[in-house]
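To keep things clear, I will list the structure first and then write my remarks on it.
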Amino acid sequence: MNGLNAFERQYRTTGALAMIAQSVADILSHHVKLAVEGIDRMYLNIYVPKLQHEQGIVWFFREHRGLPVPSAAVMSPMSRNFVAKLEGYAAQHEVPLVQFRKGQRKDEVMAEHLRKFQRPEGVVFIGKAQEKTPVFRTEKRKSPTTGRPYPWIVRSTAMVNHYYVYAVDRDFGPFFLKFCSYFPFNAKLCLNGHEYAKCQLARQGIAFEALDNGVLSCADPERLQKICDGLSAQKIDALLRKWLRLLPYPFTGADRRAGYRYDVSILQAEFSLTQVLDRPVHGRLFFEQVIRENLDLGRPQEVQLIFNRKITRKTPGRFRTRVLTQDVTPSLNVFYKNTRIKQYHKENRALRTETTINNSYDFGIGKRLCNLPKLREVGFAANRRLLDVEHISHDCILAEDAFQSINGPVTEGRQRASGLRFADPRVHALLHAVILFRQLAQGFRSNDLRQQIAALSGRDPESVSQGAVTYQLRRLRLHGLIERLPNSFRYRVTQFGLRAALFFTRAYNRLLRPGLAAALPNLRASDATLKPAFDKIDEQINAWINHAKLAA
């Protein structure tokens, strides 16, 4: 290929890739050899509900423990005792106690120790790091009547030692528990659903090949999916309770019997869909095509469909799409409030689509672990809807019959509507409006269409009559591009309507208009790749005419 020019090399390369897989539908339908949907990473808050506010702290020391003056002075002995237990546990069981350095990546330290760990279950090492955290302190106040000082419990922040217990569980694989060493000893639990799935496959004797944080191949894919579906809130809670029994505990038995027990809430949950592709080239094709066509996925109307949430002017956060490149692997990121969907080509072997929910209140769902089933529905549905949007957006090709039916008039009963002619500027303005309305889950009204038609045609909305809007709605409805929502005055764009609008507008804007500018001799085209080719064709035709003695 050294003798080929740049255009020919590009044509042969892209042509070969196109022969491998021509569309998103083709890639996802024929080149995915394993698809697994499951919980990925979970980051959980471990806390004692009664000790998360000032009144609860006062009650704990005064009423439960019988101390007359609740203060930081009575908290300090509990903290020293808990630290002594943790460090004593490390010494007794010969567990390395590691002081994390500033800026050191804790996952890398874990990976290094995990390579040396040979047991099926146990504590790998305990890490120690100072971190800023909310605490309860005592401040002195004066009585307005007597003038005497008295202690008062208030919320504050402080740099406090945290102990990271990195361990391996028979059922869940690697995880960590992070304890704050200061009262009320809040903790964090981090686990990985894919590691859980690998452990279950290994314990059940099912052959599989790992894919970093995932599974590349499996002898029993149906069983793998059932294992992922079976990772429940009850199993996660059982993991926590098991290791709270094995590790030093900051509260006494009397405290637990009085109701001072740890509860669990969800800080962050990742829900992933992993589609392993048969060849790396198909993953590259997917991103080259899909990312280019879906840079607007972060717009409110797109986000509204993907997350199935109504978005208004008061909805907080920025709606945007980001394409990030780490090394040479691109990733597509779509944001909604505190939630993000990330899509990337994992290890050049699999398409990973994952929704990360950082605040369950964004979807009107509580944070406690018992709400995990509802969050699963939101996360997995968002992954599927993102792929559906990408599928429709990219694969908007129309058959000849459908193309002609849209261009021609249509009659339904006594109602008749003219055709939506391909190159008509007014039709293009109408179809652009259809694209803008495509992801509105609650539909759109006639006045919404009036505003869009006026904006896209450069007119005043008041100059667009109601009769004209009604006529356009009838055209779109009779051609099957929109449908009326039952018992309402709202309309919804159909899947066929979205496909047709995308095809008409893209074919005109990306092919016909720039192609004519490049081909016609009287126009100066900025893209000169087509013009020389058309000039050569013109020369050859003129030469043939002259040779045949047909010239005028």
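Would you mind counting up the charge near VAL168? Only other residues with Cβ under 15 Å from its Cβ, with Lys and Arg at +1 and Asp and Glu at -1.
On the way: positive: ARG115, LYS116, ARG119, ARG170, LYS198, ARG203, LYS242; negative: ASP107, GLU112, GLU121, ASP169, ASP171, GLU195.
Result for the local shell: +1.
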(request) May I ask you to give the solvent-accessible area per residue for the stretch 51-97, in square angstrom, as obtained with a 1.4 angstrom probe? (result) 57
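For MET110, what charge total do you get from the other residues with a beta carbon under 13 Å from its beta carbon, if Lys and Arg give +1 and Asp and Glu give -1? Let's see the in-between values first.
Values: positive: ARG105, LYS106, ARG115, LYS116, LYS178; negative: ASP107, GLU108, GLU112, GLU195.
Within the 13 Å Cβ shell, the charges total +1.
Listed highest first by mean packing, meaning other Cβ atoms within 10 Å per residue, what order do 470-478, 244-252 come in?
470-478, 244-252
Share of the stretch 69-122's accessible area from carbon and sulfur, percent, 1.4 Å? If you can, show how the numbers build up before the last one.
On the way: 1820 of 3640 Å².
For the stretch 69-122, the apolar C and S fraction of the accessible surface comes to 50 percent.
Averaged per residue, what accessible surface does the stretch 160-283 expose to a 1.4 Å probe, in Å²?
Details: 4410 Å² over 124 residues.
Spelled out: the 1.4 Å probe surface of the stretch 160-283, per residue, equals 36 Å².
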(request) Using the structure shown, list the pairs from LYS346/LYS374; LYS116/LYS374; LYS102/LYS342 with a Cα-Cα distance above 32 Å, or answer none. (result) LYS116/LYS374
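Between GLN404 and ASP26, how high is the FRET efficiency from 1/(1 + (r/R0)^6) when r is the Cβ-Cβ distance and R₀ = 35 Å? Nearest 0.05. If you can, show how the numbers build up before the last one.
Numbers: r = 25 Å, r/R0 = 0.72.
Taking R0 as 35 Å, the efficiency between GLN404 and ASP26 is 0.90.
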(message) Rounded to the nearest percent, how much of the accessible area of the stretch 158-278 (1.4 Å probe, protein heavy atoms only) is carbon and sulfur?
(response) 49
(message) Using amide H atoms built in the peptide plane, which far-off residues or other-chain residues are under 5 Å from LEU67 H to H?
(response) ARG62
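The values are calculated or read from the model by the stated rules, or taken from the named source; none is laboratory data. The model shown is predicted, which means the values in this text are computed figures rather than measured ones. Cβ atoms come from the backbone with ideal geometry, glycine included; neighbour counts cover every protein chain shown. Only protein heavy atoms, including side chains, enter the accessible area calculation; ligands, DNA and RNA are left aside. Shrake-Rupley method; radii C 1.70, N 1.55, O 1.52, S 1.80 Å.
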